[in-house]
Amino acid sequence: MKATTARRHSRRVLDHSLLALGTGTLAVSVSVLSLAPGVSEASSHREAPLVAGDPRADNTDVYAFTSPDKSDSVTLVANWIPFEEPNGGPNFYAFADDARYNIKIDNNGDGVSDVTYTWRFHNQVRDAANQFLYNTGQVTSLTDPDLNFRQVYDLVLTKNGRSRVLKSNVPVAPSRVGPASMPNYGALRNQAVSSLAGGGKTFAGQADDPFFADLRVFDLLYGGDLSERGQDTLAGYNVNSVALQIPKKELALRGNSSRNPVIGVWSTTDRQGVQVADSRTRHDKWRQVSRLGNPLVNEVVVPLKYKDAFNTLNPDQDRTVKPVVDKVFDPILPKLIQKVYGVPAPATPRNDLAEIYLTGICKACGPIKADLNAHRLNRDASRKQIVPAEELRLNMAVPPTADPQRYGVLAGDLAGFPNGRRLTDDAIDISLQAVEGAAQTGTLVPALADGDKVNTNDRPFNTSFPYLALPHTKSVNSGPGGNQAQQQSSLRTSSAIGAGALGSLMLGAGGWRLRRRNRTN
């Protein structure tokens, strides 16, 4: 009885929220868009064979959300270098100085970046001949002479085919060596936040990995033993992050975020002098070697044969790749969950998942009847140019939520994933429910109510830009048996929702193929 009441309440919350969105200022008239079959990919922690061997080029996660303390702006975050053990000296973790790191924005739905922000990093070493240390004494500022190795970056904006340098020689927050070397790391983090002309902000440096999940799911869905869930695999690890806080008008089509509130976001890494098929082969051109939009797609949806190739694609090419298309509308994961745990797989083809990941959510786009974050909601976007493409879509007109729900849109919180992605959104559990049909039915699947039992990050996020938690200093590797205190702390901060983190991984799976639909206006 309680479960039935909860399901009805969940349905009412989602229906009410979507109805309010559809009848409010965001509603626009829509017509059916004729779409060719499509496919896409996004990267995450060690998602493809080649980039797994090149961690400095490996995107881990992308986030895009309306800034909670500055609602006229959007915050964009992209992370690289998975599984940074805090005590990884003596060289610690640096951005590659022979790569370009990009965050790209598509504001008209054609799958091509209209606004690109690019970071180029440069190394500076004070004494390379007589020192091996990252720092030679306590570091109290980013210009401290005891910081032996440092990085700076140039931030370049490309818009309307033209590039210009927004800022040069911006200091990077260093790797957090430890309390003896950096007694006040928070002050160093603050010094690495730099203002941009027009009201924006930029940051680059090390941070706690904001992704939280029990990745032992890859051991055959915990081997059918759900009692083994609940350990945050990413707890204690750091990443290298870039972050921007940008006025919405700078990202919107024609500079008008009221008429054109929807953007698509993804990150990429380019390397110069590499052959994509083999990173050891040199040549002169810049090549895209990694890409990430929605979380946890490439690992689970894309067959091994195609993972590396997908990392080189631009979103406008996604719909042309058929081998993965067929795996999306008839996904593997629900069948595996049914086999191992007896939860019935939803009927195929999965048009609901395609709507989430390829077109965005709108009444005319698929079975999820709400106008939320499809590019066709932009009034100045040409319908003929819109193509199905895997991007993390955000409707910038949805205001921040005072009390964010980790289930995001599925809990009636329209400011959360899959409408953009906040740091606190539980991508694993949302994805698990979505792959089992919850986005279409509006009702959570009770049998999966415990998810991976990791519901929050191991550290609280900050309340101001760049919002990321400070990096860890304690070693993750505590030897055989593990650090019991750390494990217990992680278990206390993690709680229930969903029956296998792999489900989230398939969330992206949903957005892989779109059947050709008849064009009607």
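The values are calculated or read from the model by the stated rules, or taken from the named source; none is laboratory data. As the structure is a computational prediction, the values presented were derived from the model and not from experiment. When we count neighbours, we look across all protein chains shown, and the Cβ atoms used for this are built from the backbone with ideal geometry, even at glycine. The accessibility values were calculated without ligands, DNA or RNA, using every heavy atom of the protein model including side chains. Shrake-Rupley method; radii C 1.70, N 1.55, O 1.52, S 1.80 Å.
Could you name the aspartates and glutamates in cross-link range of Lys285, using Cα to Cα under 13 Å and dropping any fewer than eight places away on the same chain? Those aspartates and glutamates meeting the cut-off are Asp98, Asp270. Computed 3J(HN,Hα) for the range 406-414, one whole-Hz value per residue from the Karplus formula 6.51 cos²θ - 1.76 cosθ + 1.60 where θ = phi - 60°, is 5, 7, x, 4, 5, 9, x, 9, 6, glycine and proline marked x.
Taking amide H as placed 1.01 Å from N in the peptide plane, Lys167 has its amide H under 5 Å from the amide H of Leu155, each at least 5 places away in sequence or on another chain.
Among 448-454, 356-362, the peptide with the highest mean count of other Cβ atoms within 10 Å heads the list, and the full ranking is 356-362, 448-454. Placing +1 on each Lys and Arg Cβ and -1 on each Asp and Glu Cβ, with no other charges, gives the range 123-257 a dipole about its Cα centre of roughly 1020 debye. Straight-line cross-link reach from Lys339 at under 19 Å between alpha-carbon atoms covers these lysines, not counting any fewer than eight positions away in the same chain: Lys327. The residues Ser113, Ser163, sorted by heavy-atom accessible surface at 1.4 Å with ligands and nucleic acids left out, run Ser163, Ser113 from largest to smallest.
When the C-alpha to C-alpha distance is required to be over 27 Å, the pairs from Lys305/Lys474; Lys104/Lys167; Lys201/Lys363; Lys453/Lys474; Lys201/Lys474 that qualify are Lys305/Lys474; Lys201/Lys363; Lys201/Lys474.
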